[in-house]
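Shown next, in structure tokens, is the structure this report addresses.
FYI, it's all coordinate maths here, none of it is from the lab. The shown structure was predicted, so the numbers you read here are calculated from the model rather than taken from an experiment. Note that each Cβ is placed from the backbone with ideal geometry, even for glycine, and that neighbours are counted across all protein chains shown.
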Amino acid sequence: MTEHFFCIHGHFYQPPREDPFTGIIPAETGAEPYANWNERIHSECYHPNAKLGNFERISFNIGPTLFEWMMANYPQTCAQIVQQDQANIRRQGVGNAIAQPYHHTILPLASRKDKETQVYWGMVQFLKRYGRKPDGMWLPETAVDMETLQVLADFRINFTILAPWQAESANLDCTEPYRVKLPDGKNINIFFYHNELSGGISFSPQWTTNADVFLQEQVQPRYDQHKTSRGEPQLLLIASDGELYGHHQQFRDYFLAHLTNGASQRNGMECMNLLLWLRQNPPRQTVAIRENTSWSCHHGVLRWKGDCACAPTDGRWKAYLRQACDRLAHDLDEVYIQALKPYRVDPWLLRNRYIYVLLGDITIERLIAEIFGKSLKPESFHTVALLLEAQHQRQRMYTSCGWFYDDFSRIEPKNCLAYAAQAAFLAYKAVGEDLGTPLQGVLRNVISHRTGLRGDIVFNQQLALAYR
């Protein structure tokens, strides 16, 4: 019987690309011969990995907005993925899919209420698609602080995955999970992925040309030899962008299939489900985390709020973009709270439950009747419905990809401003308040160093489209 286990975790995610007015993804340059990048990556990655059965043998999360797009366009791929999660439940009693906050928001930069909404929306979407509550949750960019972990624990999330440098420990043992103690007395479990293996599989294509060689030369030597001599079971977690397997690196979907479907046993190792591992090998140690850290920025979370050395060019525009979004979010919340105050309902409970409307489970009429305890007059109903959708667009504008890359002229930050403009427009329709004008000064400082494009121009163009 082997004591050497490993787990591959794939983070499958694409940002929302839909035009906020039409709900349709426009044609995207570079995705040819496909209409957009979602279509291309589905063809190169999601579909072939589902066809090969890879989702049954790895740990994975799929971004909720991406999964909803696939449900609308490729429901058979989604059905295959869900069936492969269910196969683990039938065989082992636990699934291998984990959830993700809904809009890939950098949670340490979000308010407590936004953290709760993102986690709750992600859990509800997971329950709808997989038919079970999630035990684990992948944090966007593994960005973490104690408040985020507290929110996960409050929603009964059992574990998450972090990078090893996010632990406040000089002697971290990545072959076993840890427990983090939370301020309210709860605990949450953490798996720390193996840095060298995860980096190698992600950025060294020569590592992934032969699964047997990879296991023999890269994985096997990295088990703790002292534990091996004592016969202790140990787990190596290898985490990467799931789109590596077939999209970023051609034919790596076949590498993954071979790695997890025979090669491991021939090399004296066994694939393992993370939740099953927790049940069989609960944490023996506690650890503190380094707050405001992530897996893709070694400067904490600066990449998503300012000028960071991760970007090779001037990133000052990011601070102005976040400042504009934060100002708009504050003003949207004030408008929303004031509009609901006469009804004495919990605005955040209402917003959290709006996910059932977005997923098509209930109508907006039913949601409002449930929370308000009655139907509203048409004018009041219209105001509340508009403000709820404004809150949805407000959540979308914080999608992390808007800040990830080095230049504002990319589609991702422009999309964030499109969602911001839509939120401001909806608030104006609902209560007549102009929330866009106060943003103009700061948005003038959101400037592309490549093209000179300014944030206020993009924002105002989107507002003009909304007012048509």
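Of 440, 420, 451, which is farthest along the charge dipole of the range 385-468 in the positive direction, counting Lys and Arg as +1 and Asp and Glu as -1 at C-beta?
Looking along the dipole axis, the top candidate is 451.
How far apart, in nanometres, would the label points at residue 376 and residue 112 be if each is projected 7 angstrom from Cα along the Cα-to-Cβ direction?
Output for this residue pair reads 2.6 nm.
Once you place label points 7 Å from the Cα toward the Cβ at residue 72 and residue 341, how far apart are they in nm?
3.6
Based on DSSP H runs of at least 4 residues, each adding -39500 (n - 2.57), what is the mean residue ellipticity at 222 nm of the chain after dividing by all its residues, to the nearest 500 deg cm²/dmol? Mind dumping the intermediate values first?
Details: 19 runs with 200 residues, N = 468.
Here the helix-only value at 222 nm equals -13000 deg cm²/dmol.
Within the range 245-267, list the residues whose amide N lies under 17 Å from a label point set 7 Å along Cα→Cβ of residue 87.
Counting backbone N atoms under 17 Å from the label point, the list is 253-265.
If each residue of separation counts as 0.36 nm, what is the full-extension length gain between residue 334 and residue 3 once their alpha-carbon separation is subtracted?
On the way: separation 331, 0.36 × 331 = 119.16 nm, distance 5.60 nm.
Extending this stretch completely gives an extra 113.6 nm.
Using the Cα centre of the range 310-466 as the reference point, and only Cβ charges (+1 on K/R, -1 on D/E), how large is the resulting charge dipole? Debye, rounded to the nearest 20.
Working: 19 positive and 17 negative charges, 18 e Å.
So the dipole magnitude of the range 310-466 works out to roughly 80 debye.
Quick one: of the DSSP bridges fully inside the chain, what percent are antiparallel, nearest 5? It would help to have the intermediate numbers written out before the result.
Working: 8 of 31 bridges.
Antiparallel bridges: around 25 percent, rounded to the nearest 5.
If I require 24 Å or longer along the helix axis, counting alpha carbons, and a Kyte-Doolittle average no lower than -1.0, what helices from the chain are left? Use full DSSP H segments.
Details: long enough: 75-92 (26 Å, -1.11); 112-130 (27 Å, -1.18); 316-340 (37 Å, -0.46); 378-396 (27 Å, -0.74); 411-431 (30 Å, 0.56).
Long hydrophobic helices here: 316-340, 378-396, 411-431.
Given the options 267, 122, 66, identify the residue whose Cα lies farthest towards the positive end of the charge dipole of the chain (+1 on Cβ of Lys, Arg; -1 on Cβ of Asp, Glu).
Of the listed residues, the answer is 122.
Could you work out how far apart the two model spin labels at residue 187 and residue 32 are, taking each label as a point 7 Å from the Cα in the direction of the beta carbon, and quote it in nm?
For the pair residue 187/residue 32, the computed spacing is 5.7 nm.
Quick one: check the C-alpha center-to-center distance for the range 334-362 versus the range 272-326, whole angstrom.
If you average the Cα positions of each part, the centres end up 29 Å apart.
With θ set to phi - 60° and the Karplus curve 6.51 cos²θ - 1.76 cosθ + 1.60, what are the ³J(HN,Hα) couplings of the range 209-224 in order, to the nearest whole Hz, using x for Gly and Pro?
3J(HN,Hα) across the range 209-224, in whole Hz: 8, 9, 5, 5, 5, 4, 5, 5, 8, 10, 7, 3, x, 9, 6, 5.
Assuming R0 = 22 Å, what is the FRET efficiency of residue 212 and residue 250, from their Cβ-Cβ distance, to the nearest 0.05?
It comes out at approximately 0.65.
How much length, in nm to one decimal, is gained on full extension between residue 284 and residue 171, taken as 0.36 nm per residue of separation minus their Cα-Cα distance? If you can, show how the numbers build up before the last one.
Values: separation 113, 0.36 × 113 = 40.68 nm, distance 1.43 nm.
Full extension from residue 284 to residue 171 adds 39.2 nm.
To the nearest 20 debye, what charge dipole does the range 41-93 have about its Cα centre, counting +1 at the Cβ of each Lys and Arg and -1 at the Cβ of each Asp and Glu? Write down the numbers at each step before the final one.
Values: 4 positive and 4 negative charges, 47 e Å.
In debye, rounded to 20, the range 41-93 gives about 220.
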